[in-house]
Amino acid sequence: MTKIITNYLLDWNIKSRSGKIILKFKDAGSEEIMEDLDYETFSALAHVLGKGEAKYDPTDNSIYNVM
């Protein structure tokens with residue numbers, strides 16, 4: 001079951017060169033935290049989230065846009 005992403009927080013640590021993304025969903029109080037992301041993964045996810053109207057599928061741990 002996909003979840004609609006309503007808000008997100010991007011956190012890149014320059015010293016450790018790792019990122020964290022916190023996803024907030026339409027379901028109140030529901031969130032997903034992705035930690036210890038390398039630069040390529042962090043950048044790709046940030047790009048997808050930046051397009052807007054993103055959804056998260058927890059069954060295969062993927063984020064995608066609805067166009």
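Where a number appears in this text, it was derived from the coordinates with a stated rule and is not lab data. Model, not experiment: these values are computed from the prediction. Cβ: placed from backbone, ideal geometry, glycine included. Neighbour counts: every protein chain shown.
Report, ordered by chain and residue number, the lysines lying within cross-link reach of LYS3, taken as a straight Cα distance under 30 Å and ignoring same-chain residues fewer than 8 apart.
Hits, sequence-local ones excluded: LYS20, LYS24, LYS26, LYS51, LYS55.
Please sort 43-50, 10-17 by packing, taking for each peptide the average over its residues of neighbouring beta carbons within 10 angstrom, highest first. Intermediate results must be reported in sequence, preceding the final value.
Details: 43-50: 14.5, 10-17: 10.1.
Order by mean packing, descending: 43-50, 10-17.
Within 10 Å, count the other beta carbons around each residue, average over each peptide in 52-58, 29-35, and list them highest first.
Details: 52-58: 13.9, 29-35: 12.0.
Order by mean packing, descending: 52-58, 29-35.
Explain nothing, just the number: dipole magnitude of the chain about its Cα centre with +1 on each Lys and Arg Cβ and -1 on each Asp and Glu Cβ, in debye rounded to the nearest 20.
Once rounded to the nearest 20, the dipole reads 220 debye.
Tell me what the chain gives for mean residue ellipticity at 222 nm when only DSSP H runs of n ≥ 4 count, each as -39,500 (n - 2.57), the sum divided by the residue total, rounded to 500 deg cm²/dmol. Don't skip to the end; give the middle numbers.
Numbers: 1 runs with 12 residues, N = 67.
Dividing the helical sum by the residues of the chain leaves -5500 deg cm²/dmol.
Quick check: the angle from helix 39-50's long axis to the longest principal axis of the chain, C-alpha only, nearest 10 degrees?
Roughly 40 degrees, rounded to the nearest 10.
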